[in-house]
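The values are calculated or read from the model by the stated rules, or taken from the named source; none is laboratory data. The structure presented is a predicted model; accordingly, all values stated were derived computationally and were not measured. Every residue, glycine as well, gets a Cβ built from its backbone with ideal geometry; the counts of neighbours run over all protein chains shown. The area values use the complete protein model at the heavy-atom level, side chains included, leaving out ligands, DNA and RNA. Shrake-Rupley method; radii C 1.70, N 1.55, O 1.52, S 1.80 Å.
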Amino acid sequence: MWTAAAMLLAATMYAQEKTVLPQPRKSGGMPLMEALDNRATDRGPFSGKTLTSQQMSDLLWAAWGVNRPDGKRTAPSASNSQELELYIFTSEGAFRYDALEHALYSIKPGDFRKEVVTRDFGDTAVDIFFVADLEKRRGDDESKRLMSYIDAGYISQNIYLYCASEGLSTVVYTGSLNRQKAAEHLGLSERHLVVGGQSVGVKE
């Protein structure tokens, strides 16, 4: 279970800063048309049940993982800028997902979920934040922001479809988050834009 993975994170991640996730499962699951039929927003309340380490691996790969030898991803990115990074908050801490290594990097231990998500969805398993590094995009500030919001939408839909297939609940948001607190806990700079967030969990 993900609680066992949490022990691994506590034992190794905080000491070594990096934990390689299990290889994602790239076969099976719900047929696409069935997943689309089941895709839905669920605002909880979530039960607090955790994800297995395999579910966490599959979720992050489905969202924004590498699916081709040239490093391109499961979601499109305008001009292949790949300006978005996924940061996650769990009961154990804040982490950054490294798609190329399919690994989690520890940023800060502690449970910050209630600080960074302002609406109470219950006890989520994981809160995923979409963060754009605007220096990776070309154009003026407005176009950089607009394209980052569009790219985040692709990733969010991947999460929705994975959750539909896996029987998990999820809700995406742009207003129900504290961007300042998130930036503080994640150590973000002025070039970073917290585009939005998405909570994943098991419904009560």
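A few remarks follow.
- Any hit, the stretch 124-143, residues being open to solvent by 60 Å² or more (accessible area, probe 1.4 Å), farther than 27 Å from Asn38 by Cα and touching an Asp or Glu at 6+ places or on another chain (Cβ under 6 Å): yes
- Selected residue [of a type in the set (Gly, Ala, Ser), modelled with pLDDT of 90 or more and either over 29 Å from Gly187 (Cβ atoms) or open to solvent by 50 Å² or more (accessible area, probe 1.4 Å) (or both)] from Ala15, Ala11, Ala40: Ala40
- Considering residues of the stretch 43-69 that are over 16 Å from the mean Cα position of the chain (by Cα) and of a type outside the set (D, E, K, R) only, the residue surrounded by the most Cβ atoms within 10 Å (Cβ to Cβ): Phe46
- Extreme residue, nearest to Gly48 (Cα to Cα), among residues of the stretch 187-204 that are buried (at least 22 other Cβ atoms within 10 Å of the Cβ) and out of contact with any Leu (no Cβ under 8 Å at 6 or more places or on another chain): Ser199
- Answer from Ser79, Ser57, Ser53 - the residue that is modelled with pLDDT under 90 and of a type outside the set (A, V, I, L, M): Ser79
- Some residue of the stretch 94-106 being in a loop (DSSP other than H, G, I, E, B), under 22 Å from Ser165 (Cα atoms) and either at pLDDT 95 or above or open to solvent by 10 Å² or more (accessible area, probe 1.4 Å) (or both): yes
- Matching residues in the stretch 70-93 - criterion: being open to solvent by 10 Å² or more (accessible area, probe 1.4 Å), part of a loop (DSSP other than H, G, I, E, B) and of a type in the set (Asp, Glu): Asp70, Glu92
- Scanning the stretch 160-186 for residues that are touching a Ser or Thr at 6+ places or on another chain (Cβ under 6 Å), open to solvent by less than 10 Å² (accessible area, probe 1.4 Å) and among the aliphatic types (A, V, I, L, M) turns up just one, Val171.
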